[in-house]
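J.: Once you've had a glance at the structure underneath, I'll fire off some questions.
The values are calculated or read from the model by the stated rules, or taken from the named source; none is laboratory data. Quick caveat: nothing in here was measured; it's all calculated off a predicted structure. A quick note on method: Cβ atoms are made from the backbone with ideal geometry, for glycine too, and the neighbour counts reach across all protein chains shown. Accessible surface is based on the protein model in full, side chains and every heavy atom, while ligands, DNA and RNA are left aside. Shrake-Rupley method; radii C 1.70, N 1.55, O 1.52, S 1.80 Å.
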Amino acid sequence: MPCASSVGHVAGYERHRPEQTLLFKIIQQHYPEFTTLMKVQGTPLPEYVQREFEDFLECGRLENGFLRVGCEDCKSERLVAFSCKRRGFCPSCGARRMVESAALLVDDILPEQPIRQWVLSFPFPLRFLLASRPEMMSKVLGVVYRTVSTHLIKKAGQTKKTAQTGAVTLIQRFGSALNLNLHFHSLFLDGVFIESGTATPKFKRTQAPTGSELNKLTHTLSHRIARLLERHGFLQRDCVDSYLELDSDLDHCMDHLLGHSITYRIAIGPNQGRKVFTLQTIPPQSEECSSGQAGNVAGFSLHAGVLAQAHERDKLERLCRYIARPAVSEKRLSLMNHGQVRYQLKTPYRNGTTHVVFEPLDFIAKLAALVPKPKVNLTRFHGVFASRNKLRALVTPGKRLKPLAKQSHDEATSPVTRRNAMTWAQRLKRVFNIDMETCVHCGGKIKVIACVEDPVVIKKILTHLEDSFEDRSGSVNGDPRAPPYLI
């Protein structure tokens, strides 16, 4: 990948000001009313959801603490605010996580072999079950990986004893209309590694799946997932129909919000239960998917039409960023004349829908439904990419075999390891064309001077900056933040 500095001017770092964004203003104004209304209804928000909103309102604000950084040569200084590091809907922290995930996958995990994206979507009832029951989501994902990997191994003419494949799955919880749509994005090797003793395993590529193969795989997945749910008591069958049966100990508040978000319905207010208001245009001419791209069975959809060849590392990194992107795009968010929140879809639906419109309180409810439960890992590694797989060190660019927990302290924190790890500043330069390691005034090197967390000291420094007619970011007339740098 070419360095960002080789493509025109590299922008200086400029602090993101969340308090000036529309998303921040909506949450700041309406979140207290939303929590009060939920308490009145007897369904207070879980603590982890409340913490998500409260930390978002403090994310990127200098009043809550910052780093003092300065140039070693000209001694100019600036302030860098702390981030909330939450996983729900914060666009800033989501963008950082997107960049870090994509860089990790391309640099350390995914080898220079063809990689195909497999996307599996579920029927509405299963989306609710998987979102509310993370342990079942993990079991379903295991079924999905085993089914697809078995298909690839058999298609390569091998057996599970002689060959292995691998995948990285990113679990996405949102749709383009801010609806809860839990689905799997799996980056599979487009082939298998054939073991050959102690030597480097040989890679054998398989042909792209055909339309009939995808339909067969989707049918197989639907039946295996149904049997799994039946064994765990979530699916009841009779001679006529099948239906999901959920325990009554689920969180009633989140149960309510998740269900309305999944079905595109209003969750709170006088119009509760009605369909979300949409704006539509003339539908585009329908184009049927070509064979080999998607399979659809009983509400399950399996897509496998996106491939990055072995030499297309830039395309692979863009694909990784896409599937690791944050849930909310501030560029597509706007307010209507009557105070309603309008959100533009990334691409119009088949029926011509271009925007969804929410009342502010229902918009807050939609954001709450997107917050994942604590300690639920949304990135999973399978097969040869799993941390304990014996082939991992032989096939991955990072050459890491053992988990860090089993490495010695010296090995895990050696200077070479720390030096080779890409810093956040380097990733900013790599993806967003922003250079925060170099002084914008003299070109000198920037270093961290102090970490300021004491409220008294914070107030004193910010008051001094205001009295000096300086910008609250600590820089004067800084350039605006550059857009993402796309190869």
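J.: If you take the residues in region 373-401 that are within 15 Å of GLU112 (Cβ to Cβ) and not in a loop (DSSP other than H, G, I, E, B), which one is least open to solvent (accessible area, probe 1.4 Å)?
T.: Residues of region 373-401 that are within 15 Å of GLU112 (Cβ to Cβ), as a first pass: 384-385, 394-399.
From what is left, the residues that are not in a loop (DSSP other than H, G, I, E, B) are 394-395.
Details: LEU394: 66, VAL395: 12 Å².
Ranking the qualifying residues of region 373-401, first place goes to VAL395.
J.: Given the criterion among the small types (Gly, Ala, Ser), open to solvent by less than 10 Å² (accessible area, probe 1.4 Å) and within 24 Å of ALA308 (Cα to Cα), identify the matching residue among ALA208, ALA167, ALA177. Lay out the reasoning, then the answer.
T.: On the way: ALA208 fails: open to solvent by less than 10 Å² (accessible area, probe 1.4 Å); ALA177 fails: within 24 Å of ALA308 (Cα to Cα).
Answer to the check: ALA167.
J.: Report whether or not VAL306 is over 15 Å from ILE26 (Cβ atoms), open to solvent by 30 Å² or more (accessible area, probe 1.4 Å) and among the β-branched types (Val, Ile, Thr). Before the answer, list the steps.
T.: Values: over 15 Å from ILE26 (Cβ atoms): yes; open to solvent by 30 Å² or more (accessible area, probe 1.4 Å): yes; among the β-branched types (Val, Ile, Thr): yes.
Yes: the conditions hold for VAL306.
J.: What number of residues in region 27-49 are modelled with pLDDT under 90 and under 26 Å from the mean Cα position of the chain (by Cα)?
T.: Number of matching residues: 0.
J.: Okay, next question. For THR463, state whether it is under 26 Å from ARG68 (Cβ atoms), surrounded by fewer than 15 Cβ atoms within 10 Å (Cβ to Cβ), at pLDDT 85 or above and out of contact with any Ser or Thr (no Cβ under 7 Å at 6 or more places or on another chain). Break it down into steps so the answer makes sense when it comes.
T.: On the way: under 26 Å from ARG68 (Cβ atoms): yes; surrounded by fewer than 15 Cβ atoms within 10 Å (Cβ to Cβ): yes; at pLDDT 85 or above: yes; out of contact with any Ser or Thr (no Cβ under 7 Å at 6 or more places or on another chain): yes.
Spelling it out, THR463 is indeed under 26 Å from ARG68 (Cβ atoms), surrounded by fewer than 15 Cβ atoms within 10 Å (Cβ to Cβ), at pLDDT 85 or above and out of contact with any Ser or Thr (no Cβ under 7 Å at 6 or more places or on another chain).
J.: Right, next: For SER83, all conditions in the list (1) free of Cβ contacts under 8 Å to residues at least 60 places away in the same chain; (2) part of a helix (DSSP H, G or I); (3) touching a Gly at 6+ places or on another chain (Cβ under 7 Å) hold save one; what is the number of the exception?
T.: Exception for SER83: condition (2).
J.: From PHE66, PHE53, which residue is out of contact with any strand residue (DSSP E or B) (no Cβ under 9 Å at 6 or more places or on another chain), under 19 Å from GLN20 (Cα atoms), in contact (Cβ under 8 Å) with a residue 40 or more places away in the chain and crowded, with 18+ Cβ neighbours inside 10 Å? Walk me through how you get there before you give the answer.
T.: On the way: PHE66 fails: out of contact with any strand residue (DSSP E or B) (no Cβ under 9 Å at 6 or more places or on another chain).
Only one candidate passes the filter, namely PHE53.
J.: If we keep just the residues of region 123-153 that are surrounded by fewer than 22 Cβ atoms within 10 Å (Cβ to Cβ) and among the charged types (D, E, K, R), which is nearest to LEU229 (Cα to Cα)?
T.: Filtering first and then ranking leaves LYS139.
J.: Among LEU189, LEU170, which is in contact (Cβ under 8 Å) with a residue 60 or more places away in the chain and within 26 Å of SER329 (Cβ to Cβ)?
T.: Working: LEU189 fails: within 26 Å of SER329 (Cβ to Cβ).
Result: LEU170 is the single residue among LEU189, LEU170 that is in contact (Cβ under 8 Å) with a residue 60 or more places away in the chain and within 26 Å of SER329 (Cβ to Cβ).
J.: Taking into account only those residues within region 14-42 that are among the basic types (Lys, Arg) and in a helix (DSSP H, G or I), which is most open to solvent (accessible area, probe 1.4 Å)? Walk me through it before giving the result.
T.: First, pick out the residues of region 14-42 that are among the basic types (Lys, Arg): 15, 17, 25, 39.
Next, only the ones that are in a helix (DSSP H, G or I) stay: 25, 39.
Details: LYS25: 104, LYS39: 133 Å².
Top of the filtered list is LYS39.
J.: Evaluate region 6-13: report whether one residue or more is at pLDDT below 85, surrounded by fewer than 16 Cβ atoms within 10 Å (Cβ to Cβ) and part of a helix (DSSP H, G or I). Reasoning before the result, please.
T.: Quick first cut of region 6-13, residues at pLDDT below 85 only: 6-13.
Adding the requirement that they be surrounded by fewer than 16 Cβ atoms within 10 Å (Cβ to Cβ) leaves 6-9.
Narrowing the set further to residues that are part of a helix (DSSP H, G or I) leaves 6.
Among the residues of region 6-13, at least one is at pLDDT below 85, surrounded by fewer than 16 Cβ atoms within 10 Å (Cβ to Cβ) and part of a helix (DSSP H, G or I), which makes the answer yes.
J.: Out of curiosity, is LYS160 in a loop (DSSP other than H, G, I, E, B), without any contact (Cβ under 8 Å) to a residue 12 or more places away in the chain and over 27 Å from VAL384 (Cα atoms)? Steps first, answer last, please.
T.: Details: in a loop (DSSP other than H, G, I, E, B): yes; without any contact (Cβ under 8 Å) to a residue 12 or more places away in the chain: yes; over 27 Å from VAL384 (Cα atoms): no.
So LYS160 fails the test.
J.: Within region 287-309, can one find any residue that is at pLDDT 95 or above and part of a loop (DSSP other than H, G, I, E, B)?
T.: yes
J.: Here's a follow-up. Give me the pairs: first residue in region 211-231 and under 26 Å from VAL306 (Cβ atoms), second residue of a type in the set (S, T, N, Q) and in a helix (DSSP H, G or I), beta-carbon distance under 7 Å, and six or more apart or on different chains, which are they?
T.: LEU217/THR147; THR220/THR147; LEU221/THR147; ARG224/THR147
J.: Sticking with this one: Filter region 110-122 down to residues that are of a type in the set (Val, Ile, Thr) and surrounded by fewer than 22 Cβ atoms within 10 Å (Cβ to Cβ), then give me how many there are. It would help to see each step written out before you state the result.
T.: Of all residues in region 110-122, those of a type in the set (Val, Ile, Thr) come to 115, 119.
Imposing the further condition that a residue be surrounded by fewer than 22 Cβ atoms within 10 Å (Cβ to Cβ) reduces the set to 119.
Selection size over region 110-122: 1.
J.: Has region 359-367 got at least one residue that is within 30 Å of VAL143 (Cα to Cα) and either within 19 Å of the chain's Cα centre (by Cα) or surrounded by fewer than 16 Cβ atoms within 10 Å (Cβ to Cβ) (or both)? It would help to see each step written out before you state the result.
T.: Taking region 359-367 first, the residues within 30 Å of VAL143 (Cα to Cα) are 366-367.
From what is left, the residues that are either within 19 Å of the chain's Cα centre (by Cα) or surrounded by fewer than 16 Cβ atoms within 10 Å (Cβ to Cβ) (or both) are 366-367.
Within region 359-367, one or more residues are within 30 Å of VAL143 (Cα to Cα) and either within 19 Å of the chain's Cα centre (by Cα) or surrounded by fewer than 16 Cβ atoms within 10 Å (Cβ to Cβ) (or both).
J.: Okay, moving on. Enumerate the strands (runs of 3 or more DSSP E) found wholly within region 314-358, keeping only those where 2 or more residues are crowded, with 16+ Cβ neighbours inside 10 Å.
T.: Details: elements: 333-335, 341-344, 353-358.
Strands (runs of 3 or more DSSP E) meeting the threshold: 341-344, 353-358.
J.: Follow-up. Condition check: within 22 Å of SER101 (Cβ to Cβ) and either in contact with a strand residue (DSSP E or B) (Cβ under 6 Å, 6 or more places away or on another chain) or modelled with pLDDT of 85 or more (or both). Does VAL384 satisfy that?
T.: On the way: within 22 Å of SER101 (Cβ to Cβ): yes; either in contact with a strand residue (DSSP E or B) (Cβ under 6 Å, 6 or more places away or on another chain) or modelled with pLDDT of 85 or more (or both): yes.
Criteria met by VAL384.
J.: Against the definition (part of a helix (DSSP H, G or I) and not basic (Lys, Arg)), how does LEU45 come out, yes or no? Lay out the reasoning, then the answer.
T.: Values: part of a helix (DSSP H, G or I): no; not basic (Lys, Arg): yes.
For LEU45, the condition - part of a helix (DSSP H, G or I) and not basic (Lys, Arg) - is not met.
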